[in-house]
Amino acid sequence: MSPLFDFDPFREMEQLQRRMDRLFQTLWGEPPLWRAGVYPLVNISETKDHVFVRAELPGVKPENLEITLKNQNLVIRGERQITSEGEEVNYHRRERESGYFRRVVRLPVPVDSNQVEATMKDGILTVTLAKPEEVKPRQIQVKSA
Amino acid sequence: MATKELKPKAKEAIPVKVERVRPGRVFLPAVDIYETPQSLVLVADMPGVSGEGVTLDLKENVLTISGRITPPPEGETLLVQEYEVGDFHREFQVGELIDQDKIEATMKDGVLTLILPKAEKAIPRRIEVKAA
């Protein structure tokens with residue numbers, strides 16, 4: 001794709017949103033909570049070689065999750081099932097919800113689509129994505145002339 | 001088959017009564033509490049908490065559940081944060097008489113299930129209405 005037309009309005013919006021968050025953080029010191037309004041909420045972090053997307057999905061079984069990656073979009077779909085108890089049961093509180101979800105997460109950096117791994121542990125989904133060689137930071141040796 | 005689409009909810013932080021040793025915020029886990037004729041069952045969502053991280057206490061009719069999360073790996077730079085990470089804590093006043101020796105707790109996929117069997121005295125008995 002020609003760089004001239006490499007314009008993605010969604011990405012522009014997200015970048016703007018992230019910049020705003022950072023500004024708020026610098027001003028008030030509160031962690032920025034970026035509200036996508038779509039379940040599940042995600043946290044994205046990075047190391048030199050990897051990008052990690054995490055989501056809290058308590059009680060969701062791996063077989064009820066479907067994760068796909070296309071370009072820089074990570075799609076998380078699934079269902080949270082809560083078995084209903086029998087007729088005899090009376091509820092005091094019911095705060096946990098069941099239902100389906102489908103979310104697209106735009107990754108902030110390009111990733112290598114051949115190296116993706118997803119794990120579920122204690123109700124937390126971690127998607128580990130590898131950064132392609134081109135975007136990895138490289139140390140540049142300074143030679144004395 | 002669930003037909004409802006899930007909506008994200010911000011985690012509710014608990015007001016700090018006692019200063020904690022571990023830094024960070026503490027959240028209220030979402031719970032379901034239901035009653036069967038034999039027991040009281042509590043189900044709590046505590047993502048990131050493993051079986052070892054759970055502490056339960058039932059004293060003077062106050063049930064306390066605490067979940068200590070496995071801290072996320074270090075050395076990562078956060079790029080996007082939509083949810084906050086922290087331990088869980090919640091207390092409940094239990095009206096029923098509970099047989100403390102028979103409490104069962106299981107932690108699976110970040111969900112705590114607690115079965116509190118009612119003490120003999122508290123099990124409801126059907127009262128026969130006799131025709132006079």
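Would you tally the residues in region A:46-55 being surrounded by fewer than 22 Cβ atoms within 10 Å (Cβ to Cβ) and either of a type outside the set (Val, Ile, Thr) or assigned to a strand (DSSP E or B) (or both)? Residues meeting the conditions: 5.
Being among the charged types (D, E, K, R), part of a loop (DSSP other than H, G, I, E, B) and surrounded by 15 or more Cβ atoms within 10 Å (Cβ to Cβ) is not true of B:Glu74. Residues that are in a strand (DSSP E or B) and within 9 Å of chain B (Cβ to nearest Cβ) were ranked within region A:70-84; the one that is farthest from B:Val41 (Cα to Cα) is A:Glu79. For A:Phe7, the conditions (1) out of contact with any helix residue (DSSP H, G or I) (no Cβ under 8 Å at 6 or more places or on another chain); (2) at pLDDT below 75; (3) within 22 Å of B:Gln81 (Cβ to Cβ) are fulfilled apart from (3). For B:Pro29, the criteria (1) within 14 Å of the chain's Cα centre (by Cα); (2) outside any loop (DSSP other than H, G, I, E, B) hold in every case but one, which is (2). Counting the residues of region B:47-61 that are in contact with a Ser or Thr (Cβ under 9 Å, 6 or more places away or on another chain) and either facing chain A (nearest Cβ under 10 Å) or outside any strand (DSSP E or B) (or both) gives 5.
A:Glu87 passes every criterion in (1) within 30 Å of B:Glu96 (Cα to Cα); (2) outside any strand (DSSP E or B); (3) at the interface with another protein chain (Cβ under 10 Å from one of its Cβ atoms) apart from (3). Among the candidates B:Glu91, B:Glu76, the residue that is modelled with pLDDT of 90 or more and more than 15 Å from the chain's Cα centre (by Cα) is uniquely B:Glu76. Is it the case that A:Lys143 is in contact (Cβ under 8 Å) with a residue 24 or more places away in the chain and farther than 27 Å from B:Glu12 by Cα? Considered against the rule, which asks whether it is in contact (Cβ under 8 Å) with a residue 24 or more places away in the chain and farther than 27 Å from B:Glu12 by Cα, A:Lys143 comes out as no. Taking the conditions (1) without any contact (Cβ under 8 Å) to a residue 24 or more places away in the chain; (2) exposed (fewer than 12 other Cβ atoms within 10 Å of the Cβ); (3) part of a loop (DSSP other than H, G, I, E, B) in turn, B:Arg22 satisfies each one other than (1). The single condition from (1) closer than 28 Å to A:Arg106 by Cα; (2) surrounded by 15 or more Cβ atoms within 10 Å (Cβ to Cβ) that B:Lys7 fails is (2). A single entry from B:Glu82, B:Glu76, B:Glu12 fulfils the requirement of being among the charged types (D, E, K, R), facing chain A (nearest Cβ under 8 Å) and without any contact (Cβ under 8 Å) to a residue 40 or more places away in the chain: B:Glu76. You will find that of A:Asn43, A:Asn64, the residue that is at the interface with chain B (Cβ under 8 Å from one of its Cβ atoms) and either surrounded by 13 or more Cβ atoms within 10 Å (Cβ to Cβ) or without any contact (Cβ under 8 Å) to a residue 24 or more places away in the chain (or both) is A:Asn43 and no other. In region B:85-103, the qualifying residues are those that are under 30 Å from A:Leu41 (Cα atoms) and within 14 Å of chain A (Cβ to nearest Cβ), and the one that is surrounded by the fewest Cβ atoms within 10 Å (Cβ to Cβ) is B:Glu91.
The values are calculated or read from the model by the stated rules, or taken from the named source; none is laboratory data. In this text the structure is predicted, and so the values were computed from the model without any measurement. Note that we place each Cβ from the backbone using ideal geometry, even for glycine, and neighbour counts take in every protein chain shown.
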